Amino acid sequence: MRALFSSRSKHDYLSDALTLLTGWIREGEQIRRTLVIDDSQHAALTERVKVVADALHLRPEISRRADQTQIRVGHGNAPLTEGEVLLAARIEDAYRAVSQP
């Protein structure tokens with residue numbers, strides 16, 4: 001599958017992938033997403049994210065304030081990787097799963 005992107009730079013590929021992740025905001029070499037979900041949805045989301053993050057050997061930052069969950073992916077001192085963008089996509093899948101009735 002990587003061969004499909006061999007003619008394009010990795011940066012372009014990641015930038016294109018990020019444009020498909022609605023709601024994610026890029027801040028330097030990190031991306032973040034704020035979700036308005038209740039406590040039980042937050043707990044379910046956190047568990048799902050942990051499983052995917054462990055499989056990818058990544059550690060997103062997940063915090064909770066009032067009725068908002070904020071997620072940060074990336075280190076801030078190194079360029080975003082394919083794995084981190086993949087993690088953001090999987091977080092979106094988990095968010096849809098826990099937020100739908």
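The values are calculated or read from the model by the stated rules, or taken from the named source; none is laboratory data. Owing to the predicted nature of the structure, the values given are computational and were not obtained by experimental measurement. No Cβ is skipped: glycine too gets one built from the backbone with ideal geometry, and neighbour counts run over all protein chains shown.
Can you give me the ranges of the strands (runs of 3 or more DSSP E) entirely in the stretch 25-101 with at least 2 residues that are of a type in the set (A, V, I, L, M, F, W, C) and surrounded by 12 or more Cβ atoms within 10 Å (Cβ to Cβ)? Reasoning before the result, please.
Numbers: elements: 25-27, 30-36, 61-65, 68-73.
Result: 30-36, 68-73.
Residues in the stretch 1-24 that are over 24 Å from Ala97 (Cα atoms) and outside any helix (DSSP H, G or I) were compared, and the one that is modelled with the highest pLDDT is Ser9. When Ala43 is tested against the conditions (1) at pLDDT 95 or above; (2) under 13 Å from the mean Cα position of the chain (by Cα), the lone failure is (2). If you go through the stretch 47-101 and pick out every residue that is closer than 24 Å to Asp16 by Cα, at pLDDT 95 or above and among the hydroxyl-bearing types (Ser, Thr, Tyr), you end up with 1.
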